[in-house]
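Contents: one structure, followed by commentary.
Every number in this text was worked out from the coordinates using simple rules, so none of it is lab data. Predicted, not measured: the structure shown is a model, and the values here were computed from it. All Cβ positions, even for glycine, are placed from backbone atoms using ideal geometry, and neighbour counts span all protein chains on display.
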Amino acid sequence: MSCHNAEVTTADPTPAPTGRSSEVLTVDPLDPDRSVIDRAAAALVAGGLVAFPTETVYGLGAHALDAGAVSAVFAGKGRPATDPLIVHLAAQDQVGSVVADWPDAAERLAARFWPGPLTMVLPRQSSVPDSITAGRDSVAVRVPSHPITQALLRSAQVPVAAPSANRFGRISPTTAAHVISELHGVYDLLLDGGPTPLGVESTVVDLTGEHPLLLRPGGVTLEDLVDELGDVGYHERLSTPESVDARAPGQFLRHYSPRTPLVMVDGDAVLITALLDLLADRGVCVALVELPADPDLAAHEVYGALRRGDVGSADLLLVGVLDVDGLGRAVNDRLYRAAQGRVVTDATSAVLDRLTTLGTR
Ligand code: TXA
Ligand code: MG
């Protein structure tokens with residue numbers, strides 16, 4: 001690749017300081033230190049913001065019933081008030097504090113997938129602040145399995161609202177370094193428990209309607225949900241880009257995005273090589289975001305790979321579409337949004353013209 005502007009840029013601009021101390025505490029995920037966990041839990045209970053690892057991605061946590069702390073999360077992320085937050089609980093027996101109805105489908109999914117990367121949208125209790133639910137009559141709940149998250153929630157004994165610990169619309173964080181680069185100055189404490197095991201967010205399933213609806217593919221696969229419930233609706237975004245369901249307020253087309261334009265390539269290695277060569281011939285500084293062929297490994301790598309692509313010298317990034325097995329559907333969903341819906345299937349001159357414009361503007 002012959003790139004004209006080979007200077008090294010930084011991944012993220014230095015975030016605006018907000019006066020919070022943003023102390024980083026290292027925690028062993030296999031044996032979380034009690035005193036560190038208790039300190040972080042006390043900070044949450046007192047209305048502070050604590051960033052922590054989960055089995056999916058890092059979250060930016062706040063006491064879910066403290067409206068002031070919750071509004072600091074929205075402000076710190078730059079998240080629109082219309083996009084509701086997930087409430088994290090230590091165990092299923094706490095759902096009654098936030099959820100008003102617990103259908104049979106929820107019982108079955110909880111028995112099979114909790115604790116774990118599954119979020120259920122259910123009718124809310126009136127005690128849940130409107131800011132968490134974005135004024136909707138439903139609330140999203142999940143019981144995470146990561147030992148640090150579990151220890152933190154058990155120590156705090158309060159429900160914890162936690163979006164992914166990135167600025168709104170940006171790439172989700174899978175390491176503490178990602179959180180620091182996105183939100184330093186926003187959180188009071190960050191628990192550094194190393195890379196998150198899964199690497200993509202939880203599956204979000206809406207159980208408020210007549211039929212279960214998959215709002216976001218994630219750590220629990222669609223096939224596993226169908227296996228348990230028999231009938232689960234899902235709009236495959238790769239084929240229906242314009243469909244945005246009213247039950248899925250957070251499913252923006254532009255999301256998880258690097259600053260460098262990204263394009264998905266739905267084709268084989270021959271097509272990808274042809275696009276790279278033909279674009280380089282046209283003077284476009286283009287790079288490939290390489291992911292492991294195994295979809296679960298790809299999930300683990302995807303956000304880090306997008307960040308690395310963004311700090312390189314490329315003006316245009318290409319990435320191949322994955323098989324939908326395992327976590328592949330979730331990875332494709334994230335890549336599709338990171339690419340803002342741009343998918344190419346051939347290397348015709350019309351496609352090359354489009355990509356040249358994208359990579360040279
Ligand atoms: O894996 C995860 O779920 C991570 C970790 C930290 O737990 N959290 C996370 O949160 O991904 P966030 O805020 O980045 O994404 C939450 C998603 C958004 O798409 C939001 O719109 C949706 O869940 N959501 C939350 N409450 C909802 C509700 N009441 N109805 C429909 N969607 C809801
Ligand atoms: Mg997020």
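Mean separation of Cα pairs under 8 Å and 6 or more residues apart, divided by the residue count, gives region 254-349 a relative contact order of 48 percent. Computed over the alpha-carbon atoms, region 264-349 gives an Rg to Rh ratio of 0.95, Rh here being the Kirkwood radius from the mean inverse distance.
Each residue of region 24-32 is assigned a 3J(HN,Hα), and the resulting list reads 10, 10, 7, 10, 6, x, 7, 8, x Hz, derived from the Karplus form 6.51 cos²θ - 1.76 cosθ + 1.60 (θ = phi - 60°), x at Gly and Pro. GNM on the chain, alpha-carbon springs under 10 angstrom: the most fluctuating residue among Arg142, Arg307, Arg154 is Arg154. The coefficient of translational diffusion for region 68-193, derived via Stokes-Einstein from the alpha carbon Kirkwood radius under 25 °C and 0.890 mPa s, stands at 161 µm²/s.
Counting only DSSP beta bridges with both residues in the chain, the antiparallel share comes to about 45 percent. Fewest neighbouring Cβ atoms within 10 Å first, the residues His63, His88 line up as His63, His88.
Between helix 349-360 and the chain there is an angle of about 60 degrees, using the helix long axis and the longest principal axis of the Cα atoms. A cut-off of 5 Å between modelled amide H atoms, ignoring neighbours fewer than 5 places along the same chain, links Arg216 with Val204.
At the listed q of 0.16, 0.17 Å⁻¹, the Debye profile of region 147-289, built from one uniform point per Cα, gives log10 I(q)/I(0) equal to -1.16, -1.23. Relative intensity of region 178-228 on a log10 scale, I(q)/I(0) at q = 0.16 Å⁻¹, equals -0.66, per a Debye sum over C-alpha point scatterers of equal strength in the absence of solvent. A Cβ-based charge dipole, computed about the Cα centre of the chain with Lys and Arg at +1 and Asp and Glu at -1, lands at about 1160 debye.
Per the Debye formula on identical point scatterers at the alpha carbon atoms of the chain, with no solvent, log10 I(q)/I(0) at q = 0.11, 0.12, 0.13, 0.15 Å⁻¹ is -0.73, -0.86, -1.00, -1.28.
With contacts taken as Cα pairs under 8 Å at a separation of at least 6 residues, the chain carries a relative contact order of 21 percent.
Rounded to the nearest 500, the 222 nm mean residue ellipticity of the chain from helices alone is -9500 deg cm²/dmol, with -39,500 (n - 2.57) taken per DSSP H run of at least 4 residues.
Sorting Cys3, Cys285 from the fewest to the most surrounding beta carbons within 10 angstrom yields Cys3, Cys285. Sorted ascending by nearby beta carbons within 10 Å, beginning with the fewest, Met120, Met264 become Met264, Met120. Taken along the Cα-to-beta-carbon direction at a fixed 7 Å, the label points for Arg354 and Leu30 span 4.8 nm. The alpha-carbon positions of region 218-361 define a convex hull whose volume is 114 Å³ per residue. When Rg and the Kirkwood Rh are both derived from Cα coordinates, the Rg/Rh ratio for region 62-135 amounts to 0.98.
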